[in-house]
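Contents: one structure, followed by commentary.
The values are calculated or read from the model by the stated rules, or taken from the named source; none is laboratory data. As the structure is a prediction and not an experimental result, all values here were calculated from the model. We place every Cβ from the backbone using ideal geometry, glycine too, and count neighbours over all the protein chains shown. Quick note on the areas: whole protein, heavy atoms, side chains included, nothing else; ligands and nucleic acids left out. Shrake-Rupley method; radii C 1.70, N 1.55, O 1.52, S 1.80 Å.
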Amino acid sequence: GQLESAQRLEQAGDVAGARAAWKQALALDADTQSARDALARLDAQADDAEFRRALGESLDALDRGNYDLAEKRLARARALRGADAGVQQASARLAEARRGQKLVSLEKDAETGSRGFLITGDNEYLAPYTQALQDLPRQIDRLMQLSSDNPSQQERIQEMRAVTEQRISLLQQGINLR
């Protein structure tokens, strides 16, 4: 009875019903190895499904630019599967996205510092500009290293480098005119 019912539910794909039936079979006969094996198998399937869901949600969040959510979902996937290749790839994408975000932040710092100096004439406002001048090339170089296996990304990063250098040149011209 109970074992056959659990097997039918599992074969039909009713994981919750099968788990309940296998648990009931265990409660009726604690020595039922097949019930213990089936519960372990169902648990592994549930973990696998949760892993795929967490990893998929992480990648979706990353594509939408929601890095905090991507990080949370990736942490869940990592907790379920450890150093899985999919987790490593998603982690690398997230790190790359964060570096791109850092690059934009540095550019804003340079603009803010130069603007503060242009308005006030106070050299203290140049500190974020000066720091950004030092950090921007390193960040771009790091992105180039990380994307060494992706020619289209390399091309986009080179374009970004050229635009960044042009923007910095314009900021420097304004500072020189002050």
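Structural remarks
- Any hit, the range 34-55, residues being under 24 Å from GLY100 (Cβ atoms) and either at pLDDT 85 or above or surrounded by 15 or more Cβ atoms within 10 Å (Cβ to Cβ) (or both): yes
- Whichever residue in the range 120-139 is hydrophobic (A, V, I, L, M, F, W, C) and open to solvent by less than 50 Å² (accessible area, probe 1.4 Å) and, among such residues, is farthest from LYS108 (Cα to Cα): LEU126
- Residues located in the range 58-73, provided they are out of contact with any Leu (no Cβ under 7 Å at 6 or more places or on another chain) and open to solvent by 70 Å² or more (accessible area, probe 1.4 Å): ASP60, ASP63, ARG64, ASP68, LYS72, ARG73
- Tally of residues being in contact (Cβ under 8 Å) with a residue 12 or more places away in the chain, under 28 Å from GLY116 (Cα atoms) and either in a loop (DSSP other than H, G, I, E, B) or open to solvent by 100 Å² or more (accessible area, probe 1.4 Å) (or both) across the range 140-178: 1
- When the residues of the range 91-135 are filtered to those that are charged (D, E, K, R) and more than 28 Å from ASN66 (Cα to Cα), the one that is nearest to the chain's Cα centre (by Cα) is ARG115.
- Each residue in the range 86-106 was checked for being of a type in the set (D, E, K, R), open to solvent by 80 Å² or more (accessible area, probe 1.4 Å) and either touching a residue at least 40 places away in the same chain (Cβ under 8 Å) or closer than 14 Å to LEU62 by Cα (or both), and 1 of them qualify.
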